[in-house]
1. Using a 1.4 angstrom probe, figure out how much accessible area region 1-49 has per residue, in square angstrom, rounded to the nearest whole.
2. Could you give the longest part of the chain that holds none of the chymotrypsin sites (Phe, Trp or Tyr not before Pro) found in DSSP loops with at most 13 neighbouring Cβ atoms within 10 Å?
3. For the chain, what does the helix formula give at 222 nm: sum of -39500 (n - 2.57) over DSSP H segments with n ≥ 4, over the residue count, nearest 500 deg cm²/dmol?
4. To the nearest 10 degrees, how steeply does helix 20-29 sit against the main Cα axis of the chain, on a 0 to 90 scale?
5. Would you mind telling me the share, in percent, of accessible area of the chain contributed by carbon and sulfur at probe 1.4 angstrom?
6. At what distance in nm do the modelled label points of T47 and T6 sit from each other, each positioned 7 Å from its Cα along Cα→Cβ?
7. Would you look at the GNM of the chain, springs on alpha carbons closer than 10 Å, and say which of D76, D11, D40 moves the most?
8. Take a quick pass over the chain and tell me how many lysine pairs come in under 29 angstrom between Cα atoms, counting only ones 8 or more apart or on separate chains.
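The values are calculated or read from the model by the stated rules, or taken from the named source; none is laboratory data. As the structure is a computational prediction, the values presented were derived from the model and not from experiment. Counting neighbours? That spans all protein chains shown, and the Cβs are built from the backbone with ideal geometry, glycine included. Keep in mind that these areas ignore ligands, DNA and RNA; they rest on the heavy atoms of the full protein, side chains included. Shrake-Rupley method; radii C 1.70, N 1.55, O 1.52, S 1.80 Å.
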Amino acid sequence: MFQDKTLVCKDCGKEFVFTAGEQEFYAEKGFQNEPVRCKDCRTSRKTTRSSEREMFDAVCAECGAPTKIPFQPRNDRPVYCSACFQNHKSR
Ligand SMILES: [Zn+2]
Ligand SMILES: [Zn+2]
């Protein structure tokens with residue numbers, strides 16, 4: 001059976017309870033990992049993520065991999081995935 005478990009939040013370092021009910025839910029879903037953040041940090045991450053800039057879908061001009069870029073892709077400028085972008089910078 002599941003038992004309440006105290007975990008330490010990765011973000012704020014505070015202890016939080018991973019309740020038996022949550023563990024059961026995780027097990028049902030087949031999640032392998034325990035939560036690493038407390039509820040507050042999870043909630044604040046969600047809200048900051050949604051307020052982030054819009055990302056646009058693009059295709060890497062080098063390897064053809066789909067990637068996301070923070071600006072509207074333009075046909076006259078090649079777009080690279082992060083791996084190819086690093087390659088270009090180091091070249
Ligand atoms: Zn936290
Ligand atoms: Zn690429």
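1. Details: 3930 Å² over 49 residues.
Per-residue accessible area for region 1-49 comes out at 80 Å².
2. Values: sites that count: F31, F71.
Longest gap between qualifying sites, sites excluded: 32-70.
3. Details: 3 runs with 31 residues, N = 91.
So the calculated ellipticity at 222 nm is -10000 deg cm²/dmol.
4. 40
5. Details: 3750 of 7490 Å².
Of the solvent-accessible surface of the chain, carbon and sulfur hold 50 percent.
6. About 2.8 nm separates the two model spin labels.
7. Result for the chain, Cα springs under 10 Å: D76 fluctuates most.
8. 17
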